[in-house]
Amino acid sequence: MSETSAPAFGGRRALPRNTSNAAEDDLPTVEIQGLTPRGFNLQDYLNVTNVHLFKERWDTNKVDHHTDKYENNHLIVRRGQTFFIQIDFNRPYNPRKDLFRVEYVIGRYPQENKGTYIPVPVVSELQKGKWGAKVLMREDRSVRLSIQSSPECIVGKFRMYVAVWTPYGILRTTRNPETDTYILFNPWCEEDAVYLDDDKEREEYVLNDIGVIFYGDFNDIKSRSWSYGQFEDGILDACLYVMDRAEMDLSGRGNPIKVSRVGSAMVNAKDDEGVLVGSWDNIYAYGVPPSAWTGSVDILLEYQSTKNPVRYGQCWVFAGVFNTFLRCLGIPARVVTNYFSAHDNDANLQMDIFLEEDGNVNSKLTKDSVWNYHCWNEAWMTRSDLPVGFGGWQAVDSTPQENSDGMYRCGPASVQAIKHGHICFQFDAPFVFAEVNSDLIYITVKKDGTHVVENVDTTHIGKLIVTKEVGGDGIKDITDTYKFQEAQEEERLALETALMYGAKKSLNTEGIVKPRSDVNMDFEVEKAVLGRDFKLTITFQNNSPNRYTLSAYLSGNIVFYTGVSKAEFKKETFEVILEPLSSKKQEVLIRAGEYMGQLLEQGFLHFFVTARVSETRDVLAKQKSTVLTIPKLIIKVRGSRMVGSDMVVTVEFTNPLKETLRNVWIYLDGPGVMKPMRKMFREIRPDSTVHWEEVCRPWVSGSRKLIASMTSDSLRHVYGELELQIQRRPSV
């Protein structure tokens, strides 16, 4: 009895998992069946002498498939759409007696039933949704084919062969890397799961390689440009490498739900050696501070070349890199920013702020944090795994916050499902629902250990959700895609639906809030410039005929943008006497010397004001953040703004602070204009200016941007940008 030569893998399958696009096994060039007769000569049969893929940037294949922007010499096509190739034979092709087919193979263990081995038959007519090759033209020894791929095809880099049938077996072309073909998702194809029917949106969410990411504070929204660079040299291979590194089965790579979920896990390095290491402690040894990155290109190329996670990222960096990954593969995607985003550790829809009896915040009991803003992504796709109506934009988040099915990832969660409270639908909808819908609850901790709810703010969390507008750099408010307006009947219904599907509220806050106080309190923070003093004005309003005495407490804190406090830099208590039906303003001066020594990179200052009315024991509480205005980098260009012509780029920075900046790095980037660069200046003295000049030669025409950032030991989050119109090179 002979032994079986094929090994069994874990006793379950005859072949190991096919998880690497880069790994490959060559198909045999000759597959002879049985014995061959004497005198059999391969040259007597049809032989392939050459294959033409029409893969130049100006060729129809790349132009029609919207892949002409990729800096890549291979053929890149989108699935579900026809493309053209030409095969040259050693003699004229005779369809009556000659039989051949094109074959596409991906990975190391190709199987037809897994979609990793694709035999493409020559047919008289192409059928929608199916692989097929139709002869368009026969001329001398050449045949031109129109090939149509399946709209459900695996996305990746395929090896291509041509196989010719003989009476005695198959003759196949040898492995030729020049004929390798990339197949991507296709938002232009109605049968593709990522189909998007608006041409301007496709232009924005798939083809735009420069974006705008919003950050800052709800009352002081700031923006910065980000180079997605999805068409830059090497980025497509880097994105495929990310899926290889995740050991994602090739058979699942045609499903945008699976691809986006794997991407959300792999863009962070928390538990899988993914692309980016997150750091929120203001210490960035052996790496680049998150604020210094100008785009995704350097990050993805470094990850692929070193095979190690890149240091460091925060939410907007994770979102920027993830956006590059999705757009590069053909999935429409955008970065969104949620102002006052709840990081609700137990997803109970409550952010509990515990107060001492004197109004001070109890930091030991206050565990939940409200991020000033948080960036995540949305990816566009149908959701065949959910009921009808929950396709479209899906929230996906690669910032490592909470564990999902054993890994740090989030989504895709249907935005429509989140809006209506259907948080039972996968993936991670309860967490996203809590990020935009939690209540802010102020609770006083009594000396006897009891807790009293003082105030419930139902409108603070998810105050504003925005993204970049289509076709411009302006802001687009998309809050109403995530939630109904406060106090609408639909909003209550959505909350009740979420509670029914398992979202938990640890205490019922309905109707237990104390009666409205006779005294109102609010405060405003003057627009603050880094390194200068500014004022904070608190207004008390007495709406009753009674005279009141208030004990007020002001706390100023240096905070991370995640809402976590680093240090208290200002503490002030004062008494206010309010006459009947009157108001009073209290001004507090914030000196630069009080906050500069401990400032974090984004310049966030958080103020918390509480006041207790002595006569009624009512507690008033308000909190606000402010973002310090930080100086900008200035970018100038001189020379011809034309493709292929030299252009001089100058970056300038003047130090406005009273201290010397040390270990200064300036980063410069411009997709299609120049490759990412960086330069170090050992120090910049107060009021002195540094200049950096570089010569570049643009290779992409149209509207472009130069983006610069600066980082140093004591000053970060310094940006500058310049819009350019690059002219085409005139044809001779």
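Of all residues in the range 693-717 being of a type in the set (Val, Ile, Thr) and modelled with pLDDT of 95 or more, which is least open to solvent (accessible area, probe 1.4 Å)?
Of the residues in the range 693-717, the ones of a type in the set (Val, Ile, Thr) are 695, 700, 707, 711.
Cutting the leftovers down to modelled with pLDDT of 95 or more gives us 695, 707.
Working: Val695: 95, Ile707: 5 Å².
Among them, the one singled out is Ile707.
So, Ser305, is that one of a type in the set (Ser, Thr, Tyr), open to solvent by 10 Å² or more (accessible area, probe 1.4 Å) and assigned to a helix (DSSP H, G or I) or not? Against the criterion (of a type in the set (Ser, Thr, Tyr), open to solvent by 10 Å² or more (accessible area, probe 1.4 Å) and assigned to a helix (DSSP H, G or I)), Ser305 qualifies. If the condition is being in contact with a helix residue (DSSP H, G or I) (Cβ under 7 Å, 6 or more places away or on another chain), open to solvent by 10 Å² or more (accessible area, probe 1.4 Å) and either at pLDDT below 95 or within 28 Å of Ala708 (Cα to Cα) (or both), then the range 242-272 contributes only Asp272.
Filter the range 602-638 down to residues that are under 17 Å from Val453 (Cβ atoms) and either among the hydroxyl-bearing types (Ser, Thr, Tyr) or assigned by the TED database to the domain that holds Asp687 (or both), then give me how many there are. Within the range 602-638, residues that are under 17 Å from Val453 (Cβ atoms) and either among the hydroxyl-bearing types (Ser, Thr, Tyr) or assigned by the TED database to the domain that holds Asp687 (or both) number 2.
For the range 113-129, check the following and say yes or no: at least one residue is outside the structural domain of Trp393 (by the TED database), assigned to a strand (DSSP E or B), of a type in the set (D, E, K, R) and surrounded by fewer than 16 Cβ atoms within 10 Å (Cβ to Cβ).
Step one: list which residues in the range 113-129 are outside the structural domain of Trp393 (by the TED database), which gives 113-129.
Keeping just the survivors that are assigned to a strand (DSSP E or B) gives 117-120, 122.
Next, from what is left, pick out any that are of a type in the set (D, E, K, R): none.
Checked the range 113-129: no residue is outside the structural domain of Trp393 (by the TED database), assigned to a strand (DSSP E or B), of a type in the set (D, E, K, R) and surrounded by fewer than 16 Cβ atoms within 10 Å (Cβ to Cβ).
Within the range 308-334, the set of residues being open to solvent by 10 Å² or more (accessible area, probe 1.4 Å) and assigned to a strand (DSSP E or B) comprises Arg311, Tyr312, Arg334. Where strands (runs of 3 or more DSSP E) fall entirely within the range 387-491, those with at least 3 residues that are touching a residue at least 24 places away in the same chain (Cβ under 8 Å) are at 392-397, 410-414, 439-445, 451-457, 464-468. Say we look at the range 567-601 and pick out the residues that are touching a strand residue (DSSP E or B) at 6+ places or on another chain (Cβ under 6 Å) and assigned to a helix (DSSP H, G or I); which of these is least open to solvent (accessible area, probe 1.4 Å)? Applying the filter and picking the extreme gives Tyr595.
Residues that are under 25 Å from the mean Cα position of the chain (by Cα) and not aromatic (Phe, Trp, Tyr): list the strands (runs of 3 or more DSSP E) wholly contained in the range 631-732 that include at least 1 such residues.
Working: elements: 634-639, 647-654, 661-670, 674-684, 689-696, 702-711, 718-726.
The strands (runs of 3 or more DSSP E) meeting that bar are 661-670, 674-684, 702-711, 718-726.
Regarding Asp281, is this residue farther than 24 Å from Asp192 by Cβ and of a type in the set (Asp, Glu)? So Asp281 passes the test. Between Asn655, Asn663, the distinction of being open to solvent by less than 10 Å² (accessible area, probe 1.4 Å), within 30 Å of Glu568 (Cα to Cα) and out of contact with any Cys (no Cβ under 9 Å at 6 or more places or on another chain) belongs to Asn655 only.
So, in the range 470-485, of the ones that are of a type outside the set (Phe, Trp, Tyr) and open to solvent by less than 70 Å² (accessible area, probe 1.4 Å), which residue ends up farthest from Ile210 (Cα to Cα)? Break it down stepwise before answering.
Restricting attention to the range 470-485, the residues satisfying the condition of being of a type outside the set (Phe, Trp, Tyr) are 470-481, 483, 485.
Next cut, open to solvent by less than 70 Å² (accessible area, probe 1.4 Å) only: 470, 472-474, 478-479, 481, 483.
Details: Val470: 12, Gly472: 11, Asp473: 10, Gly474: 13, Ile478: 20, Thr479: 23, Thr481: 24, Lys483: 28 Å.
Across the range 470-485, the extreme among qualifying residues is Lys483.
The set of residues from the range 558-578 being in contact with a Phe, Trp or Tyr (Cβ under 9 Å, 6 or more places away or on another chain) and modelled with pLDDT of 90 or more comprises Phe569, Lys570, Lys571, Glu572, Thr573, Phe574, Val576, Ile577, Leu578.
Assess whether Lys157 counts as being open to solvent by 10 Å² or more (accessible area, probe 1.4 Å), under 23 Å from Lys258 (Cβ atoms) and in a loop (DSSP other than H, G, I, E, B).
On the way: open to solvent by 10 Å² or more (accessible area, probe 1.4 Å): yes; under 23 Å from Lys258 (Cβ atoms): yes; in a loop (DSSP other than H, G, I, E, B): no.
Here the answer is no, as Lys157 does not meet what is asked.
The values are calculated or read from the model by the stated rules, or taken from the named source; none is laboratory data. If you're wondering where the values come from, they're calculated on a predicted model, not measured in any experiment. Please note: Cβ atoms are built from the backbone with ideal geometry, for glycine as well, and neighbour counts cover all protein chains shown. Accessible surface is based on the protein model in full, side chains and every heavy atom, while ligands, DNA and RNA are left aside. Shrake-Rupley method; radii C 1.70, N 1.55, O 1.52, S 1.80 Å.
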